[in-house]
Amino acid sequence: MDTFDNDSMGSIESGQVAAPIPHSPTGGDSSRKLVLGGLIVIAVIAIAAVAFATMNAGRSNDGADSPIEAMEKFFAGLSAEDLVASVDAFLPGEADPVITYTASIGSELKRLGVLSKDIDPQAVSGFNFEFSDMTYRTEEIAKGFVRVYITGGDAMFDIDPAELPIGKLVLDNLPPEARAQLDTDPPPESDSMAGEDFYLVAVEEDGGWYLSYWYTIMDAIFTETGYGTPAFGAGMEPTGATSPQKAVEAAFSELLSLDLEGLIGMLPPSEMRALYDYMPLVMDDYNETVGAFGSFVTIDLVSLGTSVSEADSGASRVAIESFDITFSAALFELDGAISYDGECFDITINDRGGNLSDFGAIPDSINSCDPAIADALGGLGGADLGGIETPNFLSDLGAAEIGILTVEEGDWWYLSPTETIGDGILQGLKLWDATTLQQYIDWIVELGSGSGALF
C-alpha cells in the first residue's frame, strides 16, 4: 500500500531502473561521485523517513513485559519488515516527535523524485534484514533501567539494488557505472552477532518496558567519561513558559547567559527525559568552566520580536523577526550591541581600551545591508564564482517558513529540538521543485569540476 497516493503536492513519474542513461552534465568524476554519494545518503534517509510515516497508526504503546522482550520486539519487527512493531519498542516520548514529520517529508521527497512514487512504507523493496537465534543478557543500572546486551545470534543482510525505491531525480544523476551496478544482485551477507558488546537501555514506564535511544546514548557517554549513574527521576526540574513566544524568549536568555540548567528546563520533559536525569552529574564542572565565563562577559537579550504560526504537526512555530542584544567584557573594556530588524544585522563595538587594535582596524559599526558588506557576502546570494553562477541560497533560505517549534505539556510550553529539525527539513524541501533541485546538483558538479581542491 502507498500512503502517499493522494499527494496534493503534484505527481512525478515513478523512477524506473530501466530508464535511459542520461548524458552526464558538465563536471569531473570526483564531483559527480560526491553528488552521487549525497543523493544516496538522502535516499537512504528518505526511505527510513517514509517507512516511519505509517508507524503511528497501529502503535500499541503498551510496552513489553520485560527488557528482553522489548529488544526481541525490536529485532522481530526488523526481521519481519514490520517497522511499526520495531518503533513500538521505543519510548513514546522519544519516538513520537520523530514520527511527527516523516510522512510529510516522505511526500516531499517523492514529489522531488528522490524516492520513487510507488514506495511502500510497510514493505520497502530492495532491503531484506533477518536476525535469527538471538540471545541476550541484562544488567540493571537502577530500578526501572536495564542494559540489554546481545550475546549471540546471526544477522543476514540482503540488498537488491535493482529493487531499491530510488526516484527519477537520483537515477538521472547517476553516472553510467553506478547505473550499471543497479542491475547487479550481490549475494546476501551474514555475520554473527556474538561478541559485539552491543546494548540498548530499556526503561520501564507505566508498567511496560521500552527501549530508549536517548538513555542509551547518555549511559554510554557518562559511563565512558566516568561520571557514573544519576539518581533517575530526581534530576533537573522542567521550567517551561506560559506561551510559545515566552518559551523562546526564555530559552534565548538562558543561552546568552550560559545558564545550562535553565536552558535544559525549557526542553520538553517527555522528549528529553534522559537529559533531565543525566545532566546534573556535570553541572558542577560546567559551572566551574564554561559557566564561569559569564563572570567576564555579560550578554543580555534586550528585546525579541517573534511571530507564531501553526506547524504541520500542530505544534506552534515561533519565527524570529527581530532582536536586540547587548554585550560587555569589563576585563577588556569592551561593549557593544547586535541587532536584527528582519532584514539587516547591525553590530556596534566600543573598544574603550583599544584591546582589539592588535587585530587591525575594528569598525565601530557593521551593517549587513551595507553595499560593501553585501558584495563581500555575494557568494551566497547568486554571485558569479569564477564564471560559475551560484544559486541564490540566501533568497531560498529567506523564503522558507522556518522557526523554532514549541510544544505544550501540561500547562507549559517547551522548545522541541526534534520537531524543530524535522520542520526545518520539511519547510526547506517545500521550497524546491525537481527542476530547482537539479540546478543545485548541476552547480555542485560544475563547481567541483572547476576546483579540484573542493572535491
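No value in this document is a laboratory result; all are computed from the given coordinates. Computed from a predicted model, the values in this text were never measured in an experiment. Don't worry about glycine lacking a Cβ; one is built from the backbone with ideal geometry, like all the others, and counts go over all protein chains shown.
Given the alpha-carbon gyration tensor of the stretch 98-199, what are the semi-axes of its equivalent ellipsoid in whole angstrom, ordered largest first, with each equal to the square root of 5 times an eigenvalue?
Equivalent ellipsoid semi-axes, largest first: 35, 21, 10 Å.
Quickly rank 324-332, 223-231, 272-280 as a protection proxy: mean count of other C-beta atoms within 10 Å, highest first.
In decreasing order of mean packing, 324-332, 223-231, 272-280 become 272-280, 324-332, 223-231.
Seen from all sides and averaged, what is the projected area of the convex hull of the Cα atoms in the stretch 197-293, in nm²? Please list the in-between numbers first.
Values: hull surface 30.0 nm².
Hull-based average projected area comes out at 7.5 nm².
What order, most packed first, do the peptides 402-411, 255-264, 333-342 have when packing is the mean number of other Cβ atoms within 10 Å of each residue?
Numbers: 402-411: 19.2, 255-264: 17.1, 333-342: 15.6.
So the order, starting with the most tightly packed, is 402-411, 255-264, 333-342.
With only alpha-carbon atoms counted, please give the Rg and Dmax of the stretch 244-377, in Å.
In Å, with Rg to one decimal and Dmax whole: 18.3, 52.
May I ask you to evaluate 6.51 cos²θ - 1.76 cosθ + 1.60, the Karplus curve with θ = phi - 60°, for each residue of the stretch 300-314 and list the ³J(HN,Hα) values in order in whole Hz, giving x for glycine and proline?
10, 8, 7, 8, 9, x, 9, 9, 10, 9, 8, 7, 4, 7, x
Per residue of the stretch 91-97, in order, report the coupling 6.51 cos²θ - 1.76 cosθ + 1.60 (Karplus, θ = phi - 60°) as ³J(HN,Hα) in whole Hz, putting x for Gly and Pro.
3, x, x, 8, 6, 4, x
Under 25 Å Cα to Cα from residue 110, which lysines show up? Leave out anything in the same chain fewer than 8 places away.
The reachable lysines, counting only those whose Cα sits under 25 Å from residue 110, are 33, 168, 430.
For a quick check: sort 79, 104 by the number of other beta carbons within 10 angstrom, fewest at the front.
Ordered by Cβ neighbours within 10 Å, fewest first: 79, 104.
Over the alpha carbons of the stretch 167-224, what is the largest minus smallest coordinate on each principal axis, giving the biggest first in Å?
52, 29, 27
How large is ³J(HN,Hα), in whole Hz, for each residue of the stretch 272-281 in order, when computed from phi with the Karplus curve 6.51 cos²θ - 1.76 cosθ + 1.60 and θ = phi - 60°, using x for Gly and Pro?
Once rounded to whole Hz, the list reads 10, 4, 4, 5, 4, 6, 8, 5, x, 5.
How do 200-207, 433-440 rank on mean C-beta neighbours within 10 Å, highest first? The partial results should precede the final answer.
Details: 200-207: 19.0, 433-440: 14.2.
Those peptides, ordered most packed to least, come out 200-207, 433-440.
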